[in-house]
Amino acid sequence: MEVQDLEFLPILMAVWTFCGFIILYVLTILNGHAESYFLYISETGDYFPESVLFMVVFAVSAVLDAILSYCMYRYYAMKSSKSQHCYPHLQYAILGLGWIACVGTVIVAIFPAVTHPVPHRIAAAISFLGSAIHNTCQAIFLYKLSFNSRLMCHLRMSISIITLLCLITFFLSCLIWWQICSGSLCLDITGKIAIITEWIGAIGILVYKLTHCADFQHLAFKWHCSCRENWLFLRKTQQEIWNNSDWRVARKNRFLKILPLPPWFYAKIGPYCSEEQENNVKLAHQNLLEGCSS
């Protein structure tokens, strides 16, 4: 099995998690399990049946996030293998930080805030702050390697910094709410600030994942029977070059009108066909051009 474009992975992770947030929030409000419309994310999974959906959403999101972290690690490793600034130890550290955040997300899904508040809060801190720091380290790392445009680097850095600041504000607000505030006004203000910054920080993490779509377009997956072989590799962009050069030759020789296949066929089949199919198309196309020229 071979998949030539892994762009769908960050989209799947972001859409799955965001839709899960919305469904959990709506179910909590409709079932009357909330006193107001201002809810922490954890409060959407306090009671049944939201608690079951909460566990499923966060567990699947953690698995997808772990896959994304590993794919980005492999992408960086393959792109920077011939560079003098590959920073292998930094790549390992970023991958480990991303997986630690995923473990925290799983613990958040397993231990609800109502029945197990202490492990839930500790795991939430690991998950949120770990993801935000992981994204910030990735954004800084991209400046060193320059795989993407400068605009994309600035965009990722801005999203990661805003997310990190929102989550730091969230935890500081929670600390003030628990330890310092005594009046109702202070509790109300810090509580609303914590809720708003938590939701903004969570959405910022998902938006950052969507910026990986440009990188995942260059990744391909190929299943091997042996686990020792690499399953991820860079797409062969020479196929697209071959397609474009063939059409320039056809235009030059004025054979476009008699070619039996439309242009979109040669533009699309290259990146998605197997190696054997590609060779067959090349041979058929070459024979066609030779027949027309004779």
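Using the structure shown, decide if LYS192 is among the basic types (Lys, Arg) and open to solvent by less than 40 Å² (accessible area, probe 1.4 Å). Walk me through how you get there before you give the answer.
Numbers: among the basic types (Lys, Arg): yes; open to solvent by less than 40 Å² (accessible area, probe 1.4 Å): no.
Spelling it out, it is not the case that LYS192 is among the basic types (Lys, Arg) and open to solvent by less than 40 Å² (accessible area, probe 1.4 Å).
Scan segment 1-54 for residues that are more than 22 Å from the chain's Cα centre (by Cα), assigned to a loop (DSSP other than H, G, I, E, B) and among the acidic types (Asp, Glu) and jot them down.
GLU35, ASP46
On the basis of being farther than 27 Å from LYS192 by Cα, modelled with pLDDT of 90 or more and not in a loop (DSSP other than H, G, I, E, B), does VAL60 make the cut?
Judged against the criteria, VAL60 is a match.
Has segment 152-168 got any residue that is in contact (Cβ under 8 Å) with a residue 60 or more places away in the chain, surrounded by 15 or more Cβ atoms within 10 Å (Cβ to Cβ) and part of a helix (DSSP H, G or I)?
Kept after step one, since they are in contact (Cβ under 8 Å) with a residue 60 or more places away in the chain, are these residues of segment 152-168: 152.
Filter again for surrounded by 15 or more Cβ atoms within 10 Å (Cβ to Cβ), leaving 152.
Those left that are additionally part of a helix (DSSP H, G or I): 152.
Yes.
The values are calculated or read from the model by the stated rules, or taken from the named source; none is laboratory data. In this text the structure is predicted, and so the values were computed from the model without any measurement. Glycine gets a Cβ as well: all are built from the backbone with ideal geometry, and neighbour counts include every protein chain shown. Heavy atoms of the whole protein, side chains included, go into the accessibility calculation; ligands, DNA and RNA do not. Shrake-Rupley method; radii C 1.70, N 1.55, O 1.52, S 1.80 Å.
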